[in-house]
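In what follows, a single structure is set out as C-alpha cells and then discussed.
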Amino acid sequence: MKQHGGFSCPPRIKILALAILAVCMISLLDAAALPCAFAQESREKTVRVGWYESTYCYRDQFGRRRGIAYEYQQKIAAHTGWIYEYVEDSWPNLLQMLMDGKIDLLSDVSYKEERAVFMLYSSLPLGEESYYLYIDADNTVINPEDLQTLSGKRVGVNKGSYQEGLLRDWAEKNGVEIESVELADSEAYSMNMLAKGEIDALVSMDSFGAQERVLPVCKIGASEYYFTVSKDRPDLLNELNTAMTAIQDEDPYYNQRLFDEYIHLIRTNAFLTPALESWLKAHGTIRVGYRNDYLPFCALDNTSGELTGALRDYLAYASKCLKNAEIHIEAIPYPTTNAAMEAMKNGEIDCVFPVNLSSYDGEMMGLLTVNPIMQTEINILVRAADKPKISSTSALRVVMDEENMNYDTFVKDHFPNWTITAMTGDARRYFEAVALKEADCLLISDYRMNELNVWIMRNKLVSLPSGESMQLSFAVRRSDHALYSILNKIANLAPSKDMEYALATHAYTSAKVSIAQFLQEHWIVVLIFISAVFLTILFLMRQKLIVERKANEQQKQIEDALRRELTQREQLQTVMKMAYTDPLTGVKSKQAFAEAERKMDQRIAEKAVSEFAVAVFDLNDLKKINDTQGHEAGDRFIRDACRCICLRFKHSPVYRIGGDEFVAVLEGDDYANREELFRVFCDQMEKNTKDGAMTIASGYAVFDPEKDSAYRAVFERADKEMYQRKVHLKALQETREDA
C-alpha cells in the first residue's frame with residue numbers, strides 16, 4: 001500500500017480512537033439530557049416575594065409561616081432552587097411595589113388587561129376564588145335577604161383590586177346606592193374596621209369567613225388568581241411556569257388540597273419525565289435512612305438483618321411502580337431520626353423516613369418533605385387517676401424523645417398550649433416519667449399501642465384519643481429537586497389502603513411477640529388479672545354506661561351542629577340563586593349569562609359542542625313607555641315581552657342582559673326548529689308593529705365550528721342581525737304613524 005507523507009495510524013489504534021470519540025459523544029448527549037433541576041441547583045436565585053397577612057399568608061403562634069401562597073411558593077422553590085426574601089406590607093401596597101420593581105413575585109392577583117401592561121402573569125392559575133360582601137356577625141341592620149338594606153352603607157374594598165370593578169357593577173345592577181371605601185391596609189386591619197363599625201361591609205374572598213367572625217351577604221363575582229412577576233425579572237417567569245407545570249404533573253389535585261386544608265376546615269401517571277429518568281440513571285441506588293426500632297412503620301429485623309415493617313412493603317412497591325424506570329433502593333438503619341438526618345446532611349444517605357415536619361421547619365433546616373406516604377392516629381397516655389380531669393383544652397406537660405422531631409411538630413400543630421419536656425434514653429423512661437408525675441402525658445401512635453402495651457400496663461396508664469393524625473413522609477435535602485420530584489410521584493401512586501393494611505399487619509405481628517414475652521415475664525400479673533376479672537367486668541360495664549351517656553350527649557351536639565350547618569348552606573344557596581335570577585322577570589340574570597358564556601367558551605375550546613345558536617332580542621319603545629306612562633308600565637312591558645320570548649323559545653334558557661335586552665341560547669329542539677320559530681316570531685312582530693302593539697326586534701346566528709373560536713363571535717353576528725331587524729321594524733312603525 002502506498003503511504004503518504006506524515007504519521008500513519010495502525011488499524012487497531014484507529015479503532016480505539018473511534019471508540020473513545022463515540023463514548024465522548026454519548027457522554028455529552030447524556031449530560032445535555034440531565035434534568036433542568038441540575039441547572040437550577042447550580043444557580044440559586046434570591047427572589048423578593050410579597051408577604052401580606054391574610055388567609056393566604058400568615059404566621060401561626062410559633063412564628064411559622066403558613067398559608068396557601070406560602071406552601072405553593074415552597075413547592076416552587078423545590079423545583080427552582082429559589083431563595084426567598086420576604087417583603088411585608090398590605091396587598092394593595094405590594095401590588096404597587098411589584099409594578100415599581102421593588103419586589104419580584106406576588107400571589108393572589110386576578111387578571112386585568114390594564115395590569116398586564118405592568119406585570120407578568122403565570123401561565124397557570126393558583127386557583128379560582130369568589131368574592132363576597134361580608135358583614136360583622138353582630139350586624140342586625142343589613143339583611144342578606146333584602147339587598148336594599150345596604151343602601152347608603154360604607155363598603156370597604158381593596159384599592160386598585162379586581163373586586164373594585166365587580167362591586168361597582170354589582171351595585172349598579174342591583175340598584176343599591178353604596179359608599180365605596182378604598183382600603184390599603186392588611187386584611188386584619190380591614191377586619192378591625194368592620195368590627196368597630198368604621199365600615200358597614202367588606203368585600204373579600206370566599207376564604208375570608210374561614211377564620212374571621214363575619215357573615216356573607218351575597219356573592220358579587222369570581223375570578224381566577226395567579227402568581228405575578230415583576231417586568232424587571234422576566235428571567236423568573238419561565239422558571240415559575242415550568243415549576244407550576246411540574247407541580248400539577250406530580251399532583252393534579254394539589255391546588256384543591258391546599259384550598260381544602262387551609263380554607264374549608266392522587267393519583268398521577270406512572271411515568272418519569274425524560275429529565276428525571278436521566279437523573280435516576282446517573283444517580284443509581286437511592287439510599288434510604290430509617291429508624292431501626294419503630295414498628296410497625298420500620299425496624300431492623302435482628303434475625304435476618306434486613307428492613308421490616310410497613311416501610312419494607314412500601315419500598316418494594318416503589319421500586320416497581322414506575323412504568324419507565326426501576327428504582328434500586330438500599331435501606332440503612334439508624335438508632336434515631338436525628339442520627340439519620342445527620343447522616344443525610346453528611347451525604348451518607350439520600351433521604352430519611354419517618355419524618356413529620358412543617359414547611360417552615362423544613363425551610364429552616366434546609367429540607368423538603370415529600371407528600372405523606374403513611375398516617376397514624378395519635379393517642380394520649382395519661383395516668384388513670386388523671387383521666388377524668390383531661391379535656392381538649394387542658395394545658396398538659398407532654399414528654400417526648402428529643403431525638404425524634406416528629407412529635408414536636410405534631411404538638412405545635414394541634415396542641416399549641418402544651419409544654420414539651422424533652423428527654424433522651426430508653427423508651428420505657430418516658431412511660432415512667434408520666435407515672436412519676438414528671439410529665440402529664442405521652443403521645444403514642446395507635447399502631448404502636450400493642451407493641452408498647454407492657455409499659456402502659458406496668459405504669460398504670462390509660463389511653464385517650466387525641467382526635468388528630470400524624471402524617472409521615474420522606475425528607476430530602478433542599479437541593480435534591482430531582483429526587484424530591486421522583487419520591488413525590490411515587491407517593492401519589494401508592495394506594496393508601498395498601499399502606500393501612502401493611503401497618504395493621506405489622507402491628508399485629510409485633511403485638512403477638514410482645515404479648516408472649518409479657519406472659520412469660522409477668523405470670524403473676526396475669527394470675528392477679530384472672531382473679532380480678534369479675535370486678536373488672538363490673539367496672540367496665542359501669543364505664544360503658546358512662547361512655548354511652550357521654551356519647552349520646554356528643555351525638556346530640558353533633559346533630560345540632562349539622563342542623564346549623566344545613567341552615568347556613570340553605571341561606572347561602574338562596575343568596576346565590578338571587579344573584580343568578582333577574583328579579584323583575586324571573587329569567588336568568590346578566591351574571592348567569594356571563595357564567596354561561598364562560599362555560600360555553602370552555603366547551604368550544606374542548607370541542608365538546610358542535611351546534612347551537614344565539615338569539616338576541618331588543619324591546620322597541622321601552623324608553624317612550626317609561627317617559628309617557630311611568631316605570632311601572634315599563635316594567636309590565638318588559639315582563640310581557642319576556643313572557644312572549646319564553647313561550648316561543650320554551651326549550652332554551654333565556655337571559656336578561658340589559659334593561660330591554662334578552663338573549664336565548666338555542667340547543668336541542670329549539671335549535672332544530674330555529675328557522676320556523678324565528679319565521680313565526682318575526683311575522684308576529686311585523687303584525688304587532690302594524691297594529692301598534694308590543695314590538696321586539698330579534699336576530700340569531702348559528703355557531704360555525706370552522707370559524708368561531710369563542711361564543712362572543714356568534715353573539716356579535718346575532719346582535720348585528722337584530723339591529724338590522726330593528727331598523728326594518730322602525731321603518732314599518734314610521735309608515736304606520738305617517739298613515
Checklist entry - What is the spread of the Cα atoms of the range 77-205 along each of their three principal axes, largest first, in whole Å? => result 52, 29, 25
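Can you show me the helix-derived [θ] at 222 nm for the chain, built from DSSP H runs with n ≥ 4 at -39,500 (n - 2.57) apiece and divided by the number of residues, rounded to the nearest 500.
Working: 26 runs with 352 residues, N = 739.
The per-residue figure over the chain is -15000 deg cm²/dmol.
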Item to check | Accessible area expressed per residue, the range 249-368, with surrounding protein chains retained (probe 1.4 Å, Å²) | outcome: 47
Next on the checklist: For a Förster distance of 25 Å, can you work out the FRET efficiency between the beta-carbons of Lys345 and Ala282, rounded to the nearest 0.05?
Outcome noted: 0.70
Checklist outcome for this item: Sorted on mean Cβ neighbours within 10 Å (highest first), peptides 615-628, 655-668, 674-687 come out as 655-668, 615-628, 674-687
Checklist outcome for this item: Mean accessible area per residue over the range 423-493 (1.4 angstrom probe, all protein chains present, square angstrom) is 38
Checklist outcome for this item: Distance in nm between Ile528 and Met457 label points, each 7 Å along Cα→Cβ, equals 1.1
Checklist entry - Using r as the Cβ-Cβ distance of Ala693 and Arg154, and R0 as 56 Å, what FRET efficiency do you calculate, to the nearest 0.05? => result 0.75
Next on the checklist: With a 1.4 Å probe and all protein chains left in place, how much of the accessible area of the range 385-486 comes from carbon and sulfur atoms, in whole percent?
Outcome noted: 48
Checklist entry - Do any trypsin sites (Lys or Arg not before Pro) in the range 432-478 lie in a DSSP loop with no more than 16 other beta carbon atoms within 10 Å, and if so, which? => result Lys437, Lys460
Next on the checklist: Taking all protein chains in place and a 1.4 Å probe, what share, in percent, of the accessible surface of the range 98-238 do carbon and sulfur account for?
Outcome noted: 46
Checklist outcome for this item: Lys730 and Glu113 label points (each 7 Å along its Cα→Cβ direction) are spaced in nm at 2.7
Next on the checklist: Given a 1.4 angstrom probe, what's the average accessible area per residue across the range 658-739, in square angstrom?
Outcome noted: 54
Checklist entry - How do the peptides 242-250, 480-488 rank, highest first, by the average count of neighbouring beta carbon atoms within 10 Å per residue? => result 480-488, 242-250
Checklist outcome for this item: From the Cα centre of the range 68-135 to that of the range 285-310, the distance in Å is 43
Next on the checklist: On a 23 Å Cα-Cα criterion, which of the cross-link pairs Lys497/Lys544; Lys389/Lys550; Lys219/Lys599 come out too long?
Outcome noted: Lys497/Lys544
Checklist entry - Within the accessible area of the range 630-680, what % is carbon and sulfur when the probe is 1.4 Å and the other protein chains stay in place? => result 44
Item to check | Among (i) 1.18; (ii) 1.96; (iii) 1.27, the entry that matches Cα Rg over 2.2 N^0.38 Å as calculated here | outcome: (iii)
Checklist outcome for this item: Under the 7 Å Cα-to-Cβ spin-label approximation, Thr628 and Asn324 lie apart by a distance in nanometres of 7.4
Checklist outcome for this item: Counting only residues 5 or more apart in sequence or on a different chain, those whose built amide H sits under 5 Å from that of Cys218 are Leu133
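For the peptides 641-654, 141-154, what is the packing order when you average, over each peptide's residues, the other Cβ atoms within 10 Å and list the highest mean first?
Values: 641-654: 18.1, 141-154: 15.3.
For the peptides 641-654, 141-154, the packing ranking is 641-654, 141-154.
The values are calculated or read from the model by the stated rules, or taken from the named source; none is laboratory data. Just so you know, these numbers come straight off a predicted model, no measurement behind them. Neighbour counts are summed over all protein chains in view; Cβ atoms, including those assigned to glycine, are modelled from backbone coordinates with ideal geometry. We work out accessible area using only protein heavy atoms, side chains counted, and drop any ligands, DNA or RNA first. Shrake-Rupley method; radii C 1.70, N 1.55, O 1.52, S 1.80 Å.
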